[in-house]
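**Student:** Pasting a structure here, questions to come.
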């Protein structure tokens, strides 16, 4: 099993070979799989699929049912036209611990030792019991000297081995494991580099999954902060299901119906999401010595954000125009699409992290 995983990837658009690794985003609500190909200098989707993550109730909460997930991964392996078996994986943001560090410019052979030394001082558990990944997120100047900034993520080894073991048994060859945040950053910088955004000094991205929502703030084209909210689409589903004797299928139909959030009884959850975003912006403002943080646009992705009425509510509460980040739709021209109207069900925007995973190691 892997013990040290470097999540870094070049930001250039040249690729290694025609087909990318298979990006497998092992989300808490759905598993998303995506493979890219490059043809005549352009990137296209070669194949993709998604299916519900099998869960079972245990000790008052839902956990992954490993045998059923293994069988679903095996079916996905044989039913689709994947090229090769190399796979890049991500696991739930909530299973990872993250910190940012600043280091002087280092040679590749020295960087690993430096990152592990930093990780050993930053995290509460023994580093021998963890997997560690890191990603270069920019440079800064300190008294005329260049300083490199890195995002370091660590997860307990037993958790990482659970994910990689299942994928390996299903017939794939897992070559990396990272958190969805770094995969999302890679996807964004490939499709629309943070340094090229036209939304002013600050850019705000949110990825609303099943059981959590990832918020990521960039300043002047550089990652600066992220936060994981314990709130996702699943909380909206369960809020309705509790009033319908636990009928989750009926709850799903109602959540994605055309009624307003108030009519569906979802204002409390929507308010929590808006408040979490607002508090995150205020927190970063405090860290930045009360510098105003006013992104012009809220880039959104994930199945949860497609709940009808949710983006309109966020615009009303936060004053931020929502824009759907969908890296899979019309992949070759790098652009975002305007979020117009309500859309039901799952759209290609759920593949944001899988897209970044497929790019990992494929770019040079």
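Since every read-out is calculated from the coordinates, none of them should be taken as a lab result. Bear in mind that the values here come from a model prediction, so they are computed numbers and not experimental data. Neighbour counts are summed over all protein chains in view; Cβ atoms, including those assigned to glycine, are modelled from backbone coordinates with ideal geometry.
**Student:** Taking the highest mean first, how do the peptides 349-362, 99-112, 299-312 order by number of other beta carbon atoms within 10 angstrom per residue?
**Tutor:** Result, highest mean Cβ count within 10 Å first: 349-362, 299-312, 99-112.
**Student:** I'd like to compare 39-48, 316-325, 131-140: which one has the highest average count of other Cβ atoms within 10 Å, and what's the full order after that?
**Tutor:** Ranked by mean Cβ neighbours within 10 Å, highest first: 131-140, 316-325, 39-48.
**Student:** Kindly state, to the nearest 0.05, the FRET efficiency for residue 263 paired with residue 296, given R0 = 35 Å and r defined as their beta-carbon distance.
**Tutor:** Using R0 = 35 Å, I get an efficiency of 0.70.
**Student:** Using a 10 Å cut-off around each Cβ, can you sort 208, 224, 96 from fewest to most neighbouring Cβ atoms?
**Tutor:** Going from least to most buried by this count: 224, 96, 208.
**Student:** Compute the separation of the alpha-carbon centres of region 289-308 and region 80-100 and state it in Å as a whole number.
**Tutor:** Using only Cα atoms, the two centres lie 24 Å from each other.
**Student:** How long is the gain from residue 81 to residue 110 if the chain were fully straight, where each residue apart is worth 0.36 nm and the alpha carbon distance is subtracted?
**Tutor:** Length gained between residue 81 and residue 110: 6.5 nm.
**Student:** Would you please give the FRET efficiency between residue 102 and residue 316, computed as 1/(1 + (r/R0)^6) with r the Cβ-Cβ distance and R0 = 45 Å, to the nearest 0.05?
**Tutor:** The calculated FRET efficiency here is 0.70.
**Student:** Determine, from the Cβ-Cβ distance of residue 68 and residue 253 and an R0 of 25 Å, the FRET efficiency 1/(1 + (r/R0)^6), rounded to the nearest 0.05.
**Tutor:** Step by step, r from the Cβ atoms, then E = 0.60.
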